[in-house]
Amino acid sequence: MKKNNLLAYTIMTLSMLISLPGRFAYGLLAVLTLIILTGTQAIISSVLKSRNMNSYVLPLSFFSVIGMTVVLKQLLFCFSPVLALSIGFNLYLIAGAVLVSDFIGNNFNTENSKQFKNAVSFAGKYALLVLVYFLIRDIVAYGTVTIPSPDGLFILRIFRHNDFTFPGNFFGTIPGGLMLVAIIIIIVSFIARKLEVVRVMNTQEKAIKFEKQELKQNISTENESVTPAPVENVNSDISTNNENIGGNNV
């Protein structure tokens, strides 16, 4: 994992995961907000760059993301005032994290196709981590899986436990959330490092095979360039020399 990507993941984690309640329903809302804001920023940036308005990319991206966040906040109030009040200021933290992580990743200075690809890849990977985090925390700490509803949370009970003595309650607290975030980051970093090693090994194997093929082609080319003299020409030269020698003897 690159240094810029790791810093961007850390900023998104601190703003999205820790500050939100540890319920899967809030994770779904956070992922939806993340995808919409990331897509808005990428589209605005691509349009401005296609019009050669690079100097306006950063300020207009900022205003577009904040404006879309206000719209999403009002739509959430219309859908469920309880969820909107529970999330509170966290939607704006997500918007700030999208802008900061995009700026750290130098996506404002990249080409349109690369920027859109990087934005979609980053949002997709992080959305998957967010869903896994909130699903684990909801099941382990509360024994439930929650879904957003107009009345607040639609609760699917997985198992029942004592609210005071159950050890999983620790993951419903902020220290438990921080520990779960650390565990997920360690696992993801380990997997990413192993995949990078495999990618490098495959690249080296392909390079070795390519070098061997080039060496074989060079050897075959050299062998074709050194062609032996035709047999008929050699025999004719020998017969001519013999006739000359016989004439001299006479």
For the range 56-72, Karplus couplings with θ = phi - 60° (6.51, -1.76, 1.60), whole Hz, Gly/Pro x: 9, 5, 5, x, 5, 5, 4, 5, 5, 5, 5, x, 5, 5, 4, 4, 5
Please work out how much length the chain gains when fully extended from Phe89 to Leu156, using 0.36 nm per residue of separation minus the C-alpha to C-alpha distance, in nm with one decimal. 21.4 nm
Pop the C-beta distance of Lys216 and Lys125 into the FRET formula with R0 = 45 Å and round what comes out to the nearest 0.05. 0.60
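Relative contact order, percent, of the range 141-209 when contacts are C-alpha pairs under 8 Å separated by at least 6 residues?
22
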So if each residue of separation counts as 0.36 nm, and I subtract the Cα-Cα distance between Val100 and Ile43, what length gain in nm does that give? 18.8 nm
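Go ahead and run the numbers for FRET between Phe62 and Ile186, Cβ-Cβ distance against an R0 of 30 Å, rounding to 0.05.
Calculated transfer efficiency: 0.35.
Each reported figure results from applying straightforward, stated rules to the coordinates on display, with no laboratory input. Please read these numbers as outputs of a predicted model, since none were measured by experiment. Note that each Cβ is placed from the backbone with ideal geometry, even for glycine, and that neighbours are counted across all protein chains shown.
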